[in-house]
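Just below is one structure, and these are the notes that go with it.
Values quoted throughout were computed directly from the atomic coordinates according to the rules given, and no laboratory measurement underlies them. What you see is a predicted model; the values in this text were computed from it and never measured. Positions of Cβ are backbone-derived with ideal geometry, glycine not excepted, and every protein chain shown enters the neighbour counts.
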Amino acid sequence: MNTPSLNALLRRMPKAELHLHIEGSLEPELIFKLAARNGVELPYASVEALRAAYAFTDLQSFLDIYYAGASVLLTEQDFFDLAWAYFERAAADNVVHAEIFFDPQTHTERGVPIEAVILGLDHACRRAHAEFGISSALILCFLRHLSEDAALQTLEQALPWRRHFIGVGLDSSERGHPPEKFARVFARCRELGLHLVAHAGEEGPAAYIESALDVLKVERIDHGVRCTEDAALVQRLARERVPLTVCPLSNVKLRVVERLADHNLPALLDAGLCVTINSDDPAYFGGYVVQNFLETFAALPQLGAAQARQLAANSFEASFVPAEHKARWRRELDAVAERLGA
Ligand code: ADE
Ligand code: ZN
């Protein structure tokens with residue numbers, strides 16, 4: 001398939017996005033708009049000055065700016081506006097389903113009521129279904145640099161709104177904060193019937209992927225790219241079809257890999273893993289999900305139409321939806337690919 005046709009397939013094929021931090025979709029323009037609306041002072045003179053600060057050396061250097069950006073989010077309307085802006089981009093990218101992370105502790109620590117966060121996001125999810133036909137669900141993430149007791153408290157605060165989220169995840173600074181630190185809170189979430197995911201093997205070692213599976217009992221691994229440091233683990237991930245939600249542009253921006261051309265995504269696909277492509281924090285890392293597909297495929301010539309279809313099919317397989325929805329999206333994917341001659 002030639003490049004224009006492949007790019008058309010990457011843009012037009014239906015896809016699910018499973019690794020998207022809603023606070024990471026906060027574009028500089030919206031940061032300035034919300035700062036003005038809420039009377040929050042920013043330490044940057046302009047959108048351009050803020051964007052210029054987006055030069056990261058590792059995960060922590062990004063997180064410092066990401067948490068500062070989120071400080072403009074105060075009201076339910078702010079969370080609605082944030083998520084609505086994401087859904088407009090997702091619709092343009094032919095995302096048919098999104099499982100969206102949010103970090104309540106980033107907001108409750110600043111005195112924002114948890115219901116403002118959850119209800120604002122939920123309102124946007126419902127409207128995205130009505131207007132764009134995009135289905136979506138929320139996943140509450142615990143910040144791993146904080147204590148497990150803080151995570152347990154956050155869970156209790158969120159439980160009155162249990163019907164508005166389908167699962168929990170674990171994000172923020174990975175090194176020095178192994179999955180085991182959150183064993184009790186994940187056990188409790190499991191009892192509650194919540195889906196479980198965790199970031200592991202992004203900056204942290206392959207051993208964190210194993211403990212996320214064995215101790216936390218997660219169903220998906222977010223990132224997981226360092227699994228290739230342990231051949232037996234790669235075999236296990238393939239055998240058990242544990243999905244990895246990979247975020248290529250994020251990996252380059254946070255220097256997990258030096259260049260997209262060095263990314264191990266083709267090796268992970270070749271090993272038979274259920275890998276998906278996602279945007280992580282698109283406002284900070286240079287693009288939404290289609291941009292991740294386009295740049296990754298441009299940098300790795302061994303990826304073609306077959307891999308594109310596989311990645312989209314994997315995103316449906318890895319999603320937390322009933323089998324009928326997965327089957328319908330698979331049929332839509334096959335129809336689009338056939339129309340484009342892929
Ligand atoms: N929070 C937002 N983006 C993240 C990432 N890439 N890793 C860990 N925590 C995050
Ligand atoms: Zn992430």
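What GluC sites (Glu not before Pro) in the stretch 79-109 are in a loop by DSSP, with at most 14 other Cβ atoms within 10 Å of the Cβ? Sparse-neighbourhood loop GluC sites (Glu not before Pro): 109.
D by Stokes-Einstein for the chain, Kirkwood Rh over Cα pairs, 20 °C, 1.002 mPa s: 107 µm²/s. The magnitude of the dipole of the stretch 4-340, with charges of +1 and -1 set on the Cβ of Lys/Arg and Asp/Glu and taken from the Cα centre, is near 860 debye.
Which GluC sites (Glu not before Pro) from the stretch 182-226 combine a DSSP loop assignment with at most 15 other Cβ atoms within 10 Å? Answer by residue number: 219. Each helix, a run of at least 4 DSSP H residues, gives -39500 (n - 2.57); summed and divided by the residues of the chain, these come to -14500 deg cm²/dmol at 222 nm. Note on the stretch 190-250: with charges restricted to the Cβ of Lys and Arg (+1) and Asp and Glu (-1), its dipole about the Cα centre is near 220 debye. Bridgeable aspartates and glutamates around residue 217 (alpha carbons under 17 Å apart, same-chain partners fewer than 8 residues away excluded): 148, 171, 180, 191, 240. Zone of residue 317 (label point 7 Å along Cα→Cβ, backbone N under 12 Å): which residues in the stretch 216-241? Of the residues in the stretch 216-241, 238-241 have backbone N under 12 Å from the label point off residue 317. Positive end of the dipole of the chain (Cβ unit charges, origin at the Cα centre): among 223, 71, 45, the Cα lying farthest that way belongs to 223.
The label point for residue 259 and the one for residue 38, both projected 7 Å from the Cα toward the Cβ, are 4.0 nm apart. Compared with the direct C-alpha span, the chain from residue 271 to residue 219 gains 16.8 nm at full extension, assuming 0.36 nm per residue.
Would you work out if the stretch 208-342 is rounded, prolate or oblate? Take a ≥ b ≥ c from the square roots of the eigenvalues of the alpha-carbon gyration tensor; rounded if a/c is under 1.5, else prolate when a/b is larger than b/c, oblate otherwise. Oblate. About the centre of its Cα atoms, the stretch 1-51 shows a dipole size close to 300 debye [charges on the beta carbon of Lys, Arg (+1) and Asp, Glu (-1) only; nearest 20 debye].
In whole Å, what is the distance between the alpha-carbon centres of the stretch 157-186 and the stretch 266-289? One Cα centre to the other: 22 Å. For the chain, averaging the sequence separation of C-alpha pairs within contact (under 8 Å, six or more residues apart) and dividing by the residue count gives a relative contact order of 21 percent. The GluC sites (Glu not before Pro) of the stretch 6-81 meeting both criteria, a DSSP state outside H, G, I, E and B (loop) and at most 14 other C-beta atoms within 10 angstrom of the site's C-beta, are 41.
Here the simple spin-label model places points 7 Å from the Cα toward Cβ, and for residue 61 and residue 109 these points are separated by 2.1 nm.
Under 20 Å from a point 7 Å along the Cα-to-Cβ line of residue 228: which residues of the stretch 259-291 have their amide N that close? Taking a point 7 Å out along Cα→Cβ of residue 228, the residues of the stretch 259-291 whose backbone N falls under 20 Å are 259-280.
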